[in-house]
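Working notes, beginning with the structure itself.
The values are calculated or read from the model by the stated rules, or taken from the named source; none is laboratory data. Note that this is a predicted model, so its numbers are computed, not measured. Here the Cβ positions follow ideal geometry from the backbone for every residue, glycine too, while neighbour counts run over all protein chains shown.
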Amino acid sequence: MGKKLFIPFLIVVLLFLMGQKRMERVYLIPIGEVDERVLEGLKTSLREKFHLEVVIGEALPKPDYAYNRRRRQYHSSPILDNLSRNIPSGAYRVLGITEWDLYVPNLNFVFGQAQMGGRTALISLARLREEFWGRRPNEKLLAERTLKEAVHELGHTLGLEHCPNPKCVMHFSNSLQDTDIKDSWFCPECEIRR
Ligand SMILES: [Zn+2]
Ligand SMILES: [Zn+2]
């Protein structure tokens, strides 16, 4: 390549790489008021795990439209739909985070929900907090559980289904105990599939 062409070539390559990088941005979207320290901690740990750029996006309002008065919980599906309608431009994946307790009609509660193979996922911090169960707050435990649930739901957006391995992050959590048993990353089989 001649000297004259090298600089334009370099610029094209740099622009391409910058574009790629922007496409790989994961947005954390607070839904209602969310603990700032948990958000910052999750941002750092997700970046380390996935090697992607992670940013905290603009918060969405408290999801009153999804509140079920009888259950005193929030229906996660309409919140996920709302997230899908508000995907920031250039987002690779969007993870909504809320402090409110979530449910889907056939279950007592859900820790989160995701669009299988899509771009949006959602987690709730409510039941990950020790204080929900009448115990003393534990920040470290909360951070670990939040990371596991976040990686799990993002795993669904990558097309992964539930895994029978209880140590795998894609194992279905029926209870908080299941969450505490599993690792914060994919087992070798899920890792290959993602
Ligand atoms: Zn799941
Ligand atoms: Zn697995």
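Of the residues making up the range 162-178, one or more are assigned to a loop (DSSP other than H, G, I, E, B), within 8 Å of ligand 2 (Cβ to nearest atom) and in contact (Cβ under 8 Å) with a residue 24 or more places away in the chain. For the range 1-11, a tally of residues being within 29 Å of Gly90 (Cβ to Cβ) and either surrounded by fewer than 10 Cβ atoms within 10 Å (Cβ to Cβ) or at pLDDT below 65 (or both) returns 2.
Exactly one residue out of Leu160, Leu102, Leu107, Leu142 is within 15 Å of ligand 1 (Cβ to nearest atom) and either more than 24 Å from Asn68 (Cβ to Cβ) or among the acidic types (Asp, Glu) (or both): that is Leu160. Selection of the range 48-64 for residues being touching a residue at least 12 places away in the same chain (Cβ under 8 Å), out of contact with any helix residue (DSSP H, G or I) (no Cβ under 7 Å at 6 or more places or on another chain) and more than 18 Å from Leu122 (Cβ to Cβ) yields only Leu52.
Evaluated against (1) part of a helix (DSSP H, G or I); (2) over 28 Å from Ala66 (Cβ atoms); (3) more than 14 Å from ligand 2 (Cβ to nearest atom), Glu189 falls short on exactly one condition, (3). The residues listed here are Arg47, Arg85, Arg70, Arg129; of these, the one that is among the charged types (D, E, K, R) and over 28 Å from Glu161 (Cβ atoms) is Arg70. Among the criteria (1) surrounded by fewer than 21 Cβ atoms within 10 Å (Cβ to Cβ); (2) within 12 Å of ligand 1 (Cβ to nearest atom); (3) farther than 22 Å from Tyr74 by Cβ, the one Gly155 does not fulfil is (1). For the range 56-72, which residues satisfy the criterion of being among the hydrophobic types (A, V, I, L, M, F, W, C) and either assigned to a helix (DSSP H, G or I) or at positive phi (or both)? Within the range 56-72, just Ala66 meets the criteria.
Screening the candidates Arg119, Arg135, Arg127 for the property of being more than 14 Å from ligand 1 (Cβ to nearest atom) and touching a strand residue (DSSP E or B) at 6+ places or on another chain (Cβ under 6 Å) yields one hit, Arg119.
Among the residues of the range 132-155, at least one is touching a residue at least 24 places away in the same chain (Cβ under 8 Å), more than 22 Å from Val34 (Cα to Cα) and either within 16 Å of ligand 2 (Cβ to nearest atom) or within 14 Å of the chain's Cα centre (by Cα) (or both). Here Gly134 clears all of (1) of a type in the set (Gly, Ala, Ser); (2) buried (at least 17 other Cβ atoms within 10 Å of the Cβ); (3) at positive phi except the condition numbered (2).
The one condition from (1) within 11 Å of ligand 1 (Cβ to nearest atom); (2) farther than 17 Å from Gly118 by Cβ; (3) more than 15 Å from the chain's Cα centre (by Cα) that Val169 does not meet is (3).
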